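The values are calculated or read from the model by the stated rules, or taken from the named source; none is laboratory data. These numbers come from a predicted model, not from an experiment. Cβ atoms come from the backbone with ideal geometry, glycine included; neighbour counts cover every protein chain shown. Heavy atoms of the whole protein, side chains included, go into the accessibility calculation; ligands, DNA and RNA do not. Shrake-Rupley method; radii C 1.70, N 1.55, O 1.52, S 1.80 Å.
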Amino acid sequence: MSKNAAHWSRIRTGDAPGVVLAVDFYGTGRQEATFRHLCDLLTDPVEVWHAVPPAPDGDWSTATGAGHLRWWTEGLDTVLAGRPVRALVGYCAGGVFASALADALVEREGHRPRVVLFNPGAPGVATLTRDFRGLIAGMDLLTDGERAALLAETTAIRRAHAPDALVPVAERYAALYREGCDLLCERLGVDASFGAELAAVLHSYLAYLTAALDVPPTPLWRGAVSLTSREHQGTDFTDVEHGFDVARAELLSSPQVVAALTALLREHEASR
């Protein structure tokens with residue numbers, strides 16, 4: 001396995017001249033469709049590589065945007081193998097990283113690749129809380145009462161902090177999640193180290209969100225196109241936004257959304 005396999009994962013093969021780079025975070029117990037679902041619907045023979053986030057090096061709250069971006073740009077030559085980047089796509093906070101990677105690729109490519117974002121926005125407490133509550137709700141081995149108690153504590157934590165206090169809230173959520181993991185280990189009769197492994201996935205996600213907050217936006221980001229679900233509240237992230245009457249969970253598996261992405265990629269390719 002090449003070193004680059006630690007940084008990017010190929011989720012679709014193809015023989016089109018350009019490569020699509022995708023940024024999202026898997027492994028948070030979410031129920032939403034992913035870029036793998038989107039790839040299943042693509043008709044163009046384009047190759048797609050998905051960003052693999054770095055494992056937190058110590059304290060996740062010290063993660064930086066520069067560190068994540070450097071991780072993903074390392075070894076990119078191996079992924080591209082001389083091919084251009086046709087487009088960058090990002091989901092939710094991944095839109096921050098996709099936009100920043102496009103900035104970094106301008107000098108390399110000689111032009112700015114097409115950037116298409118799905119429900120983009122900088123991460124916040126509301127985003128984290130939504131995902132965290134889904135994670136707790138998915139702990140099926142806990143009793144209804146145990147899950148309800150954890151969810152109630154989640155509500156109390158959020159109410160006790162300001163809407164922009166992502167890291168302090170995340171620290172409380174991480175401790176609460178570990179409580180849930182310990183309960184799971186007890187229920188399964190397994191060593192507590194299994195709970196630590198589960199918590200490590202959450203820490204990687206928290207590092208990802210913390211790093212996204214650390215990436216300063218540039219004026220070029222507004223030139224991207226946003227494709228959004230009906231629940232998405234406009235974040236003024238891009239100048240052009242196309243809304244779809246689909247649920248957030250179905251955004252990346254909607255044929256209409258995939259058709260819109262395909263049209264944008266072909267339009268950009270024709271304009272070069």
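Residues in the stretch 33-54 that are within 20 Å of residue 131 (Cα to Cα) and either outside the structural domain of residue 68 (by the TED database) or crowded, with 21+ Cβ neighbours inside 10 Å (or both): how many?
4
Which one is most open to solvent (accessible area, probe 1.4 Å), of the residues in the stretch 13-32 that are touching a residue at least 60 places away in the same chain (Cβ under 8 Å) and either among the acidic types (Asp, Glu) or part of a strand (DSSP E or B) (or both)? Quick ask: steps written out before the conclusion?
Here is the first cut: in the stretch 13-32, the residues touching a residue at least 60 places away in the same chain (Cβ under 8 Å) are 16-25, 27-32.
Filter once more, so that each one left must be either among the acidic types (Asp, Glu) or part of a strand (DSSP E or B) (or both): 19-24, 32.
Numbers: 19: 0, 20: 9, 21: 2, 22: 1, 23: 0, 24: 7, 32: 30 Å².
By that ranking, first place goes to 32.
Among the residues of the stretch 101-118, how many are open to solvent by less than 40 Å² (accessible area, probe 1.4 Å) and small (Gly, Ala, Ser)?
1
Can you find, within the stretch 178-201, the residue that is least open to solvent (accessible area, probe 1.4 Å) among those that are of a type in the set (A, V, I, L, M) and touching a Cys at 6+ places or on another chain (Cβ under 6 Å)?
First, the residues of the stretch 178-201 that are of a type in the set (A, V, I, L, M): 183-184, 188, 190, 192, 196, 198-201.
The next check asks that each one be touching a Cys at 6+ places or on another chain (Cβ under 6 Å); those that pass are 192, 198-199.
Numbers: 192: 53, 198: 48, 199: 7 Å².
Here the residue is 199.
Of 28, 78, 34, which residue is modelled with pLDDT under 90 and within 13 Å of the chain's Cα centre (by Cα)?
On the way: 78 fails: within 13 Å of the chain's Cα centre (by Cα); 34 fails: modelled with pLDDT under 90.
None of the others qualify; the one that does is 28.
Return only the number of the condition from (1) under 15 Å from residue 214 (Cβ atoms); (2) open to solvent by less than 10 Å² (accessible area, probe 1.4 Å) that residue 98 does not satisfy.
Failing condition for residue 98: (1).
If I ask for residues that are closer than 18 Å to residue 34 by Cα and open to solvent by 20 Å² or more (accessible area, probe 1.4 Å), which ones from the stretch 119-136 would you list?
Result: 127, 130, 131, 134, 135.
Give just the number: which of (1) open to solvent by less than 20 Å² (accessible area, probe 1.4 Å); (2) of a type in the set (Ser, Thr, Tyr); (3) at pLDDT below 95 does residue 173 not satisfy?
It is condition (3) that residue 173 fails.
Being among the basic types (Lys, Arg) and either open to solvent by less than 80 Å² (accessible area, probe 1.4 Å) or not assigned by the TED database to the domain that holds residue 96 (or both) is the requirement here; does residue 248 meet it? Steps first, answer last, please.
Numbers: among the basic types (Lys, Arg): yes; either open to solvent by less than 80 Å² (accessible area, probe 1.4 Å) or not assigned by the TED database to the domain that holds residue 96 (or both): yes.
Considered against the rule, which asks whether it is among the basic types (Lys, Arg) and either open to solvent by less than 80 Å² (accessible area, probe 1.4 Å) or not assigned by the TED database to the domain that holds residue 96 (or both), residue 248 comes out as yes.
Residue by residue through the stretch 55-70, note down the ones that are open to solvent by 30 Å² or more (accessible area, probe 1.4 Å), more than 15 Å from the chain's Cα centre (by Cα) and under 20 Å from residue 104 (Cα atoms).
64, 66, 70
Considering only residues that are under 25 Å from the mean Cα position of the chain (by Cα) and in a loop (DSSP other than H, G, I, E, B), look in the stretch 137-167 and name the one that is nearest to residue 182 (Cα to Cα).
Ranking the candidates gives 139 first.
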